[in-house]
Amino acid sequence: MKYFLVASMLLLWGCGTSTKTDRQPESGTLESNFKLPYQLSAPTETYKLPKELKEISGLSYYKDDKLLCVQDEEAVAYVFDTKKKEVTENFGFGGYGDFEGIEYVNGEIFALESNGNLFRFKPESTQIGRTKTDLPKHTEVEGLGYDPKTKRLLIAVKNGNEASDKAVYSFDLRYKVVFKDMSLNDEQLKAAGVDPKTYKPSGIAVHPLTGEWYILTSAGKRLLITSRKAKIIYSEPLDPNLFTQPEGICFAPNGDLFIASEGNKKKGYILKFPYRK
């Protein structure tokens, strides 16, 4: 499979770090009347991925019946066609790195490195933008989403220091500013049945119909749903036999949910869960 040749045209794409404070978590227990609109024990489709995506690490909705995927070690965005059940295109955007998230926004692809670097490019383009988000030292991120209401990319922290642990940062696409958007605390997580030590997000996505934030954790095998104000609305453990190593999450515009998992010693795969109103 040939990659589009990327010339040495990495364009520095400036941004600053805002001093804006993060949203303080809302107290209180989970919303008892919340009903998850998905049956996470019963996917309607399982898409097996090629060997290039054995270590899939990020997932995004692209176009009708098409998803964007990225894997840990190569700067390549793969287009997976859910009807043909195969990769139909790929877009190279560099060499090698530790890529942990991908998102398609307004005709552009954004890819996230574990150190916080963001790559930005249009499909099939050789002009690649890159920005350093200047996150706190010793911060490892793993999860990229997009909130259309605020026009911000969401960057979920997997491991951080005291300043960045259990946080979600935002990159404002209009003003090119990065700031801490929200953070959860141990008390909240414990109240939601989550061991804070296992809360290491591997994916984040915004529900297109409700605006809620869906946060996926691979280490703890769990799905959390929060409000924009950092209140945990819902929490559900994931079956480790079904979710071997969940790493990516995204939605179709109609609300259908897709979760990608590494295959461990087998092929990576994507599960589909229809939206149930």
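The values are calculated or read from the model by the stated rules, or taken from the named source; none is laboratory data. From a predicted model like this one, the values you see are computed outputs, not experimental measurements. Note that we place each Cβ from the backbone using ideal geometry, even for glycine, and neighbour counts take in every protein chain shown.
Worth pointing out:
- Positions within the range 179-218 being assigned to a strand (DSSP E or B), out of contact with any Pro (no Cβ under 9 Å at 6 or more places or on another chain), touching a residue at least 60 places away in the same chain (Cβ under 8 Å) and not charged (D, E, K, R), in sequence order: Phe179, Ile204, Ala205, Trp213
- If you check Val178, Val157, Val206, Val168 for being surrounded by fewer than 22 Cβ atoms within 10 Å (Cβ to Cβ) and under 23 Å from Thr139 (Cα atoms), only one passes: Val206.
- Every condition in (1) farther than 17 Å from Lys66 by Cα; (2) out of contact with any Gly (no Cβ under 8 Å at 6 or more places or on another chain); (3) part of a strand (DSSP E or B) is met by Phe91 except one, and the failing one is (1).
- Just one of the numbered conditions (1) among the β-branched types (Val, Ile, Thr); (2) in contact (Cβ under 8 Å) with a residue 40 or more places away in the chain; (3) touching a Gly at 6+ places or on another chain (Cβ under 7 Å) is not true of Ile109: (3).
- Within the range 76-94, considering residues that are of a type in the set (Phe, Trp, Tyr) and in contact (Cβ under 8 Å) with a residue 40 or more places away in the chain, the one surrounded by the fewest Cβ atoms within 10 Å (Cβ to Cβ): Phe91
- Considering residues of the range 221-241 that are charged (D, E, K, R) and under 17 Å from the mean Cα position of the chain (by Cα) only, the residue surrounded by the most Cβ atoms within 10 Å (Cβ to Cβ): Arg222
- The residues of the range 244-265 that are surrounded by fewer than 18 Cβ atoms within 10 Å (Cβ to Cβ) and either without any contact (Cβ under 8 Å) to a residue 12 or more places away in the chain or part of a strand (DSSP E or B) (or both) amount to a single one, Lys265.
- Any hit, the range 139-152, residues being within 25 Å of Ser32 (Cα to Cα), among the hydrophobic types (A, V, I, L, M, F, W, C) and either in contact with an Asp or Glu (Cβ under 7 Å, 6 or more places away or on another chain) or crowded, with 20+ Cβ neighbours inside 10 Å (or both): no
- Test: Leu135 is surrounded by 22 or more Cβ atoms within 10 Å (Cβ to Cβ), modelled with pLDDT under 95, touching a strand residue (DSSP E or B) at 6+ places or on another chain (Cβ under 9 Å) and not charged (D, E, K, R): yes
- Residues that are among the aliphatic types (A, V, I, L, M), within 22 Å of Leu153 (Cα to Cα) and not in a strand (DSSP E or B) within the range 219-237 comprise just one, Ala230.
- Of all the numbered requirements in (1) at positive phi; (2) modelled with pLDDT of 95 or more, Phe110 misses one, and that requirement is (1).
- As a summary of the residue check, Tyr61 satisfies the conditions (1) out of contact with any Cys (no Cβ under 8 Å at 6 or more places or on another chain); (2) of a type outside the set (Gly, Ala, Ser); (3) at pLDDT 95 or above except for the one numbered (1).
- Residue list for the range 139-189, filter: aromatic (Phe, Trp, Tyr) and under 14 Å from the mean Cα position of the chain (by Cα): Tyr146, Tyr169, Phe171
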